[in-house]
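Have a look at the structure below, then the notes.
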Amino acid sequence: MSSKKFGLMLSAGILMLGACGEETPEAPEAESGAASELLSNGDKTSFVFKEEGEYSIFCEPHPIMEMTVIVEEGADQSGEVAIDIANYAFSENNITVAPGTTIVWTNKEQLEHNVSIK
Ligand SMILES: [Cu+2]
């Protein structure tokens, strides 16, 4: 195989990977009673906040871990927002985001946590 042909095949492969990436299913919608799996160190989970309102978030194994997400039209934060989980806490206590924002939580410590919505 010529190196030029191989290069073309490689490009096609990368294009296909790109296309697959765009088909990643949307995060589940944030709603009362929703909860993620337990997250090990490095694991991520996400919810999309479509409806305006106030959401109380907690960790099921450690209910002392809480944060509030306020969803309101015109909020500065939108798109994708990252929150870390470490030291038995979420990295934000309160966050205000626009409708349609996806929040992605990452567990940065060895303990297992999850993300639950009251
Ligand atoms: Cu926890």
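Key figures
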| read-out | value |
| --- | --- |
| Likely footprinting exposure, Asp76, Asp84, fewest C-beta neighbours within 10 Å first | Asp76, Asp84 |
| Around Phe90: net Lys/Arg minus Asp/Glu count, Cβ-Cβ under 10 Å | -3 |
| Segment 49-62 - phi-based ³J(HN,Hα) in whole Hz, Karplus 6.51/-1.76/1.60, Gly and Pro as x | 9, 8, 8, 5, x, 10, 10, 8, 10, 8, 9, 4, x, 9 |
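None of the figures in this text is laboratory data; all of them are computed from the coordinates on show. Treat the numbers as computed from the prediction; the structure is a model and nothing was measured. So basically every Cβ, Gly included, is an ideal-geometry build from the backbone, and we count neighbours across all protein chains shown.
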